[in-house]
Every structure is written in structure tokens, then in C-alpha cells.
Amino acid sequence: MPRCKLTLCIALLALALCIVPAGAQNLLRNGSFEGPTAENVPGGWSFHDFTGDEMATGEVVGRARVGERCLKLKAPVFPADYALYCRPIDVSDLQGQELIFSCFFRTVEHPQTQVTLVTYAESFTEREFATQELLSESHPLGESRDWLHYATHLTVPPGARDLVVLLRVLGGGEAFYDGAAVRVVGSELEVELEQAGTLLELPRERTVRCRLRNVTGREMPVRLEVDARETDGDHRHEAAETTLGPGEAQTLERRYAFDFRKPHRLQVMVLGDEPDEVHQAWERDVSGLVEARIVEPAFRSAVLPTVPSERVVVEGHINAVEEIARRVELSARLMGTGEQARDPEFLSDDGIAGPWRLTLSTEGMLTENYLVNVTAAVGRDEHTLSLPLVREPFAEAEVAYDAEHRLWVNGQIQFPLGVYRVVDEGDLPKVAEAGFGFVITPSRSVSYRYFDNARDAGLHVAIWSPALDGLFWRNITDSYRGRQTLLGWCGIHLPDTQAVTVQTLEQSYVHSTSGPYPAIAQMDAHHPVMLALRPNATMEDFAQVADIVLAWSEPVPRWPLIAVTESVQMARDAVDDRKPVWAAIQTAGYGWSDDLRLSRPDDSRPPTPAEFRAMVYLALSAGADGLVYHSWSLPARGDWPSWRLQRDAPELWEAVQETNRELTWLAPILLEANPEPVALEYECPVRMAAWQHDGARYVVAVNAEDTTAAMVFDIGAAPESDVEVLFERRRVEATATGEIGDVFEPYAVHIYQVGGE
């Protein structure tokens, strides 16, 4: 073969190694950084320094985890922001599907490693990071001297075209990455996790069990890896392997040893033939024999003077197979009062093998800290779980919530209806006249005079700050926690975009274990901490450090309005219905409220009045416990003008006021009943939910799409009865079979009252 042809063949082979995905379905090119490099840049990737100081560096080095090479990113000091980013991945055919990203990483010193996944509605290639983002998620990875395997999930949003993966270093130190991969969940192997850490035999034998199905036409090797870790304690790593034929289904189980009294962190990964071929992954906390929590009192397990609470309710389950669970003797004891409970209330037909409830009286509790000891005994094997409980002293000002997620403000129940960024105290009266009950105000705009004006207007104030400094929070809590106008504290906005970890927020907001200053909840036991969170893979972790979650969404004009529903539902799942979820409703163009953008997106606009009203009722139908509109005003930034809702969107402002009047009328219903979905027998854009209250049924029907729908449906009306359509001064007549018909213009909302007076 001529020398020139041989050289060309070698070059083409090298290029192929660079661009062929590692593993049959890895959407990332050269995720193991094995391909040829130009100036030490791995093929298919590029470096970018977001700070522009040219102090951080990146290179391909040896001592890899997967192959011969891995990525090394190094920054000398904090702050830094240096990244390796991939060529854009075309995800236009994957909208609505779930992807899994995985990689190996290790660290030296404190590099603050982070993975960011960004989707774009247009081609990323032309303008790269000047391209308008559709959705981004950032995931801090932590620190480890040894290689750790990490995985997270991403649902491709509607309208997405490109996906870009960034491997980042934000602090002083070295970060090593290897085996990066993006796969479509279930495209080759369907996996269902049936058991995770369940006790099979006392005192130590536990199991992880998965149901697998090969959906390809080829034979598939599968490896189940189980990693169980106790903080500063035991560590167990186990694995099991099998091979699935084409279309074959199989159960794969791996047992591991962990004492029945010890909770731990469990990571489960289902891998293919190669270590970077991750089909599915989970990470979760696993309990001992008994898992339980205090559900009443709901707010921080605290008995408060202004929130009625005559009992302590504990709910839980036995983390063991049925044969063990049915032998358990269960009891709870309130240490300090002697109150005991031995007869659980079973919440399912499974008896003690299912969920249960134990109830104790608060009689005899003084102002101090207590423990509720929940004990599960099987013969001589006994596991006791101690749950902290406190009776707080009287406070001049107190805001909390009860087990039904109702907000109690200084002893009175209120439906939460608020608005962001009322920075001018002169606007407070008109905000109050519009029907709002509270404002969320940046700390720099708050003063004693501001609070006095809010009090005079009949408003409460939540103070909002991104600060994590303990001295700042001590000063501001000392200044305002005794004022009855205070609603609570609003922490760092959308923390998954701010390069902050859950552990950092826990130290600042919940419980400080180091440093000279306590956390906010320790400084103020009588007001909630609120966090606005985006509906992504980080939501569940960040929700742990908030008392109230604000479910964030900005669908207009990029996404279907049903994104509001999905955000609320995901937030409720994240808090396991243990805390209130308030929906953040968009009232400004999405670009104004996105601090990451310096240039104005071409399509940024506020919702129309119809879109706004539809979002409000979609959120309530999804189970939102309150509403916060964003935003009343926003400052000018870059080439953006300032934004004022009343000035810049007068028609929307009129719709806000009218909708708030409706919500004021509906408040007793929303506070006393929970929505139940109303199923329709056919596909249509209309979503329905119903509330039962005072002998009547209230049905909210929302057209979530920009299309007209004429339909006939059954909402439980009596045959040939008149059904009132609230706020529209009209009635519809039910047919002889009890059905009613109506027309829904684009984004229309109709509210029906069935029965009652």
C-alpha cells in the first residue's frame, strides 16, 4: 500500500475512534477521552473559561478509570469557572424522553466539581454560549480522592434541539473526569427497582432486586452494582451479573450485609458490558428496621402556641419483607411525659406490612426539647428510632403550617397569595388592593419603614436574600423576627443555578454544625424558610432544606402551559407531601427573571391574560397550596429595560386583579379541601379537578392549549339540572344522563358548581 494511502487510513481510523460513541447507545462522543487530541484538547470536546482570567487549565492525562486517559481540570483558587464541553448532541427526536448522564470523577483539594447539562431550542454551533438556553441543570459532585461513579437524570424538554454537557471546576484544586456517557433510559434495557435495602433476615441480610427486560435484538450482559455507605462507618460493595437474550425478562438480585439498626446511603447501578455503560441508576437513603417521621405537628416537628396541635402523629413503615414485618411489635413513647402508643392504625390492607400511624397526646409537654422513640421489636432484635420534637415558647410573631399544609399567620389561617419584588414601598397599597396577602422583597429594599407601610397596607413580608453569611442572617433575623408583619425568609433563588451544594444550604438554613453562627431555623424557630426550586433532578435534594417549596416554572412562550402542572407535581413528590408547595406563576417575560442572561431573548414576553389565568388554575388543580406571582417589578440589566407589571402589561395587570378576586372567593374551598383529578374518557386539551366543600362540588376545567375545544363531559351533575358557571353569570343545563356541554376557547378556564346552595 502506498505510504500516503496508509497515512490516510490511519488518520481516518483515528477520527473514527474520536467520533464513535463509547458503547452502542452512548450519545456522547469520546466520553472516555481516548481519541486523538489537538493541543491536548480531547476530540469532540472544547475548553471554555467563563471567568476569562486564564488561570485555570485543562488537559488529557493518564491514571484513568476507564481506559488509558482521563480529563484533568485545574484551578488555582476560588472563584473559578473552567469547563470542558462536548459537541452538541441532537435531541430533537428525544423530546419528553428521559436521559441518564453518568461519569467517573475524583478530586484533589477543593475544586468544587460540577456537571451542567444545557438544552437549546436552536443550533448551539453557530453562537455557542451566546445561544439562548432552553433549560439547564447543574449538579455539584462533591469531593473524593478515589474514583466515584456518578449518575443523574434529565428529561428532554419540549422544543429542545441540542444538548451540551459541561464538566466544570469552580474552586481551587484538581478535578479528574472519565467515562462520561449520555444514554436514553430504557432504549436497550428496561429496569424496575423492586427492592432497595429491604431486610431479608435479621440481623444483617438485606437485598436489592431489579426486574430487567432486554428490548434489543441481541444478547446483553448486565451487571448490578450495589454500594452501601454509612457516614463515617460501614461500607459494603456487592455486584451480580447475568446475560439476557433478545426480548428476555429476568429478575436480578444482590444481597448485602448491613445491620438492621443502621440507616445508610445506597447507590444502585445497572451496567452493561463496560463500566461506563450505565442503563439505570438510583441513590437513596435506606432506613433500619423501622422508618418513621412525625407528620403532626408538621412545621419542624414543633408544637407552637398559635397552631392548634393536641396530638403527635407518627407515620412510617417496616423496612423488611412481609414475613419479618408481621412479627414486629410496634410502639412509640414520648420521652419526658410517659405518653405511649402501642396500637398502630393501619393505612392499607397490608396491615403492619404496609404504612401505619401511631398517635400520642401532647398533654404534659412543657417548653423544651423532647424525643419520640419509635420501637420495632422482633423477638430479642429491637430497633429504636428517636425523632426530635419540641414545644416552642410563646412568640410575638409566628408563621407556620399545619398537617393539611394550611398557612397559619399569627394564629389565623390564610390562603397564601403573594408577589415577588415589590421594592418601592409606595406600591404596597395598590398591591394590597389587588388582593395579595404578602410580598417577597429583596433584603436591600427592606427597612423598618417598609415594614410599617406593609403593616398599614395589610400585607406581610418575606425577606429574600442570596446571602449565606451567618452574620448577615443573625443581624436580619434579630431585626425582624419579632415583627408581626414578617411572613418568613426566602433563600437563594434557584440554587441549582448558583453553584451551591445542599450541604452548604443545610448549614445556613437548617442546622449549623460549625462556625460562629447558627442557621436561620435555629435563630428563628417561628418563621419558615422558603426556596424557589426548578423541576429537575436536583429538586428533591434542595427541598430537604426548605420549609416551603416554591415550584418554579416559566413556560411562556417556550413550553406548553402544562409545565406548570408538572412543576407542582414534581415539587409535591420531592417533599413527599410533607411540606407546602406554592406555585410560582409567571407574570413577566422569562428573560427578565433569569439572572444568567445578559442579552434579551427575542421571544421573551409576559403571558397573555388568558395564559396567566390558565396557569393559576392549572397549578391549583395540581395541588398547589399557595401562589406567588413573579414578578411585580424587575430592574434594568445590560440592554434590558426595567419591568413593572402595572406599567408594562396593563391588560395582564387587570387579569391579575380579577383572578385574585376569584381566588378570594374560592379561598375557603381551597383551604378546606384537596383537589381530585376528574378523568375524561377521551383525549382533549382540557384538564379538570374537583373540590368537595360544604355539600357542593366545585370543578375547575382548564384548556391548557392554544386551540378551541367543544366537548361534553360528566362532572356529577343531577340529570336535567342547572349547573352554575362561577364568575361568568351563566348556567349550563345537564342532559338526561347528567352530562354537560361547553366550549373552551384557547386557554379558557370554566369553574362549575355542582349542588350546594
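Table for the structure above
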quantity	calculated
Cα-based Rg of the stretch 171-250 normalised by 2.2 N^0.38 Å, two decimals	1.44
Probe 1.4 Å, protein heavy atoms only - accessible area per residue of the stretch 429-498 in square angstrom	39
Rounded, prolate or oblate (a/c below 1.5 giving rounded, otherwise prolate when a/b exceeds b/c) for the stretch 283-323 by Cα gyration tensor	prolate
The stretch 235-277, dipole about Cα centre (Lys/Arg Cβ +1, Asp/Glu Cβ -1), debye to the nearest 20	560
Contour excess over end-to-end distance, with Cα ends at D350 and D232 and 0.36 nm allotted per residue	38.9 nm
Size of charge dipole - the chain - debye, nearest 20, with Cβ of Lys, Arg +1 and Asp, Glu -1, no other charges	1680
Apportionment of accessible area to carbon and sulfur, the chain, percent (1.4 Å)	46
Ordering of 133-145, 335-347 by burial proxy (mean other Cβ atoms within 10 Å per residue, highest first)	133-145, 335-347
14 Å beta-carbon shell around I413, net charge (K/R +1, D/E -1)	-4
Estimated Rh, the stretch 208-364: Kirkwood, alpha-carbon pairs, angstrom	18.8
Estimated FRET transfer efficiency (M335, F50; beta-carbon r; R0 35 Å; 0.05)	0.10
Among T155, F260, L193 - extreme Cα towards positive end, dipole of the stretch 136-290, charges at beta-carbon	F260
Length-normalised contact order for the stretch 112-171 - Cα pairs under 8 Å, 6+ apart - percent	56
Sum of side-chain charges, D343 neighbourhood, beta-carbon under 12 Å (Lys, Arg +1; Asp, Glu -1)	0
Mean separation of Cα contacts under 8 Å, 6 or more apart, over the residue count of the stretch 327-416: relative contact order %	22
Positive dipole terminus of the chain, leading residue within T477, G44, V169 (C-beta point charges)	V169
Accessible area (Å², per residue) of the stretch 319-360, counting only protein heavy atoms and a probe of 1.4 Å	57
Rounded accessible area per residue of the stretch 109-250, 1.4 Å, Å²	40
Of P466, L417, L487, farthest towards positive along the dipole that unit charges on Lys, Arg, Asp, Glu beta carbons give the stretch 393-541	P466
Inter-part distance where the stretch 553-582 and the stretch 276-338 are each reduced to a Cα centre, Å	26
Length-normalised contact order for the chain - Cα pairs under 8 Å, 6+ apart - percent	7
For the stretch 687-731, size of Cβ-based charge dipole, Lys and Arg +1, Asp and Glu -1, in debye	80
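The values are calculated or read from the model by the stated rules, or taken from the named source; none is laboratory data. This is a predicted model, so every value here is computed, not measured. Here Cβ is always computed from backbone atoms with ideal geometry, including for glycine, and neighbour counts include all displayed protein chains. Accessible surface areas use protein heavy atoms only, side chains included; no ligands, DNA or RNA. Shrake-Rupley method; radii C 1.70, N 1.55, O 1.52, S 1.80 Å.
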